[in-house]
Amino acid sequence: MNKQEIENIELKFLTIEDYQELKAAMILAYKSMPDAYWEKVQIQSLINKFPEGQVVIKINGLIAGCALSLIVDYDIYTENHTYKDITHNYSFSTHTNDGDVLYGIDVFIKPAYRGLRLGRRLYDYRKELCEKLNLRGIAFGGRIPNYHTYSNELTPKEYIEKVKRKEIDDPVLNFQISNDFHPTKIMKGYLEGDQASNEFAVLMEWDNIYYEKPSKKAATKKKIVRLGLIQWQMRPYKNLEELMQQAEYFVDTVSGYRSDFALFPEFFNAPLMAGNNHLSEAESIRELAKFTNEIVHKFSELSISYNINIITGSMPEIKDDLLYNVGYLCKRDGTIERYEKIHITPNEDKVWGLQGGSEIKAFDTDCGKIGILICYDSEFPELSRLLADDGMDILFVPFLTDTQNGYSRVRYCAQARAIENECYVAIAGSVGNLPNVHNMDIQFAQSMVFTPCDFAFPTNGIKAEATPNTEMILIADVDIDLLRELNQFGSVKNLRDRRKDMYELKRKGE
């Protein structure tokens, strides 16, 4: 399926109404195994026993993949169990809510939807479910469908070792290993009729590091969000395609580190103005605005295919013949949100004729609520306080500054926003020179992630920082639950201790 055809991706619980579509999808996914599909009564049994364990991914409302699971008392099964053993002859009576391991009994992606990293979403859901239910891990018997081509020369053990060393390409096993599952046992005669694997399977396991034995007091589940900041090098680009190739390279890189967000700087696409130097600065940036829709569309495709939320920095946009500085939040579920720069700098007003926006809001994401303020807006504390009142946990600030003193204003104001609003703040800017673009000659930046200053955070309030004026990415994990603890138990409580009897902040019209 082409990325351009994707309008929406949903992870949903499987229902019995999905059965006919599910059956057709399984037949397509398991072409090498005729009749390898579940009967309707079996699917109904699974849903009745463990509804949370049965999920599907739907693209544009159609099933693209599925994952089916049980909870089992793992210790009662030998290491050499078979598929029939673990499912009790496909009756699923082995499922017990008192078990300690989530056992994957099926996962597949329809051929037409492969290559979109949908399998990783299913595996990630299983991991989150495992942590939520406080199970000690996940296990399943992994097929090795390429093994039959090597069975005359290699034992299953030798085959697996060669796959691990990248001497043999086994996309199924490589995918499972890349998703943090480790092989623990080779099982013979695991799945009847699996001729492609010679009926061998690899017992794959994933350990839940947050698992607590039931006899102990359960710890609060932590929400870890990984941020990927792109410190963008300004350089000449021949065209939009070349610029977006560089953007995709960075998205690919931060996605490879399992980042939840990719943050681009303000006006990162400014190099495309180089071909319009014969025009005035105001005319040139209006020409740049003609690329905005295409850039947003491409970023949305990347957010879906790389399974990452992308904050596009900012770009010029013309609305009702007025020029605005705007950006877009492209979520990995396919939805798109727009944000505006509220405060325009004197230079933006004088040289480009930009207008200030009029909408400020927090955005719901799969990692909680976030806020986005473009550069100069971070220097106005009222905006971030409104976002904090809306429940913001992470504030993203794409910026563009030419001199070090301009950068310092953004940096120190952003750090203050983290303290006063009990949130994380991530700032990302551009570096380098654009001698062929008027009004965009030089840039200075040091991308950073700021935290509140309390015992649970770095003493200087800096979680991570990039090298100044060097193209690079910055990866940082932030723990959302630490903000909750800070709000309740911090040395100081900036949000709770406000004197609302003396003053308050609200939007006009409220």
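The values are calculated or read from the model by the stated rules, or taken from the named source; none is laboratory data. Source: prediction; values computed, not measured. Using ideal geometry, Cβ is built from the backbone for each residue, glycine included, and neighbour counts are taken over all protein chains shown.
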> Can you tell which of ASP18, ASP35 is surrounded by 13 or more Cβ atoms within 10 Å (Cβ to Cβ) and not in a strand (DSSP E or B)?
Replying inline: ASP18
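Here is a yes/no grid of residues against (1) hydrophobic (A, V, I, L, M, F, W, C); (2) buried (at least 20 other Cβ atoms within 10 Å of the Cβ); (3) at pLDDT 95 or above; (4) in contact with a Phe, Trp or Tyr (Cβ under 8 Å, 6 or more places away or on another chain):
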{"site": "ALA289", "(1), (2), (3), (4)": "yes, no, yes, no"}
{"site": "ASN293", "(1), (2), (3), (4)": "no, no, yes, no"}
{"site": "LEU302", "(1), (2), (3), (4)": "yes, yes, yes, no"}
{"site": "TYR328", "(1), (2), (3), (4)": "no, yes, yes, yes"}
{"site": "LYS341", "(1), (2), (3), (4)": "no, yes, yes, yes"}
> Within the bounds of the stretch 184-200, is there any residue that is charged (D, E, K, R), touching a helix residue (DSSP H, G or I) at 6+ places or on another chain (Cβ under 9 Å) and surrounded by fewer than 15 Cβ atoms within 10 Å (Cβ to Cβ)?
Replying inline: yes
>> For the structure I just gave you, tell me whether TYR159 is not in a helix (DSSP H, G or I) and not polar (S, T, N, Q).
In response: no
> Name the residues in the stretch 125-161 that are over 27 Å from ALA36 (Cβ atoms) and free of Cβ contacts under 8 Å to residues at least 24 places away in the same chain, would you?
Replying inline: GLU128, GLU153, GLU158, GLU161
> Among the helices (runs of 4 or more DSSP H) contained in the stretch 216-325, which hold 3 or more residues that are among the acidic types (Asp, Glu) and outside the structural domain of ILE9 (by TED's automatic domain parsing)?
Replying inline: 240-256, 281-288
> Of all the residues that make up the stretch 132-150, how many are modelled with pLDDT under 90 and either surrounded by 14 or more Cβ atoms within 10 Å (Cβ to Cβ) or not assigned by TED's automatic domain parsing to the domain that holds LYS84 (or both)?
Replying inline: 7
> How many residues does the stretch 436-445 hold that are surrounded by fewer than 21 Cβ atoms within 10 Å (Cβ to Cβ) and in contact with a helix residue (DSSP H, G or I) (Cβ under 9 Å, 6 or more places away or on another chain)?
Replying inline: 4
> Residues in the stretch 95-112: is at least one surrounded by 16 or more Cβ atoms within 10 Å (Cβ to Cβ), in a loop (DSSP other than H, G, I, E, B) and within 23 Å of the chain's Cα centre (by Cα)?
Replying inline: yes
> For the stretch 5-12, does any single residue satisfy the condition of being in a helix (DSSP H, G or I) and either touching a strand residue (DSSP E or B) at 6+ places or on another chain (Cβ under 9 Å) or of a type in the set (Ser, Thr, Tyr) (or both)?
Replying inline: yes
> So which residues in the stretch 436-464 are within 25 Å of the chain's Cα centre (by Cα) and under 22 Å from LYS223 (Cα atoms), if there are any at all?
Replying inline: MET448, VAL449, PHE450, THR451, PRO452, ALA456, PHE457, PRO458, GLY461, ILE462, LYS463, ALA464
>> Given the options TYR37, TYR19, TYR30, name the one that is over 20 Å from TYR103 (Cβ atoms), over 27 Å from the mean Cα position of the chain (by Cα) and outside the structural domain of ILE336 (by TED's automatic domain parsing).
In response: TYR19
> Across the stretch 38-63, what is the total count of residues that are part of a strand (DSSP E or B) and in contact (Cβ under 8 Å) with a residue 60 or more places away in the chain?
Replying inline: 2
> Which one of MET440, MET502 is under 25 Å from ILE310 (Cα atoms) and in a loop (DSSP other than H, G, I, E, B)?
Replying inline: MET440
>> Quick check on this structure: which one of GLU420, GLU510, GLU465, GLU485 is at pLDDT 95 or above, charged (D, E, K, R) and over 22 Å from ARG258 (Cβ atoms)?
In response: GLU420
> Name the pairs: first residue in the stretch 418-439 and under 18 Å from THR401 (Cβ atoms), second residue of a type in the set (Gly, Ala, Ser) and surrounded by fewer than 18 Cβ atoms within 10 Å (Cβ to Cβ), Cβ to Cβ under 7 Å, at least 6 apart or on different chains?
Replying inline: VAL437/ALA274
> Restricting the first residue to the stretch 249-274 and requiring it to be in contact (Cβ under 8 Å) with a residue 60 or more places away in the chain and buried (at least 22 other Cβ atoms within 10 Å of the Cβ), which pairs with a second residue that is in a helix (DSSP H, G or I) and of a type in the set (Asp, Glu) meet a Cβ separation below 9 Å and a spacing of at least six or different chains?
Replying inline: MET273/GLU281; MET273/GLU287
> Can you spot a residue in the stretch 362-369 that is β-branched (Val, Ile, Thr) and more than 23 Å from ASP479 (Cβ to Cβ)?
Replying inline: no
>> I'd like to know if the stretch 492-502 contains one or more residues that are under 26 Å from the mean Cα position of the chain (by Cα), exposed (fewer than 14 other Cβ atoms within 10 Å of the Cβ) and modelled with pLDDT of 90 or more.
In response: no
> Which of the residues belonging to the stretch 1-26 are farther than 13 Å from TYR113 by Cβ and of a type in the set (Val, Ile, Thr)?
Replying inline: THR15, ILE16
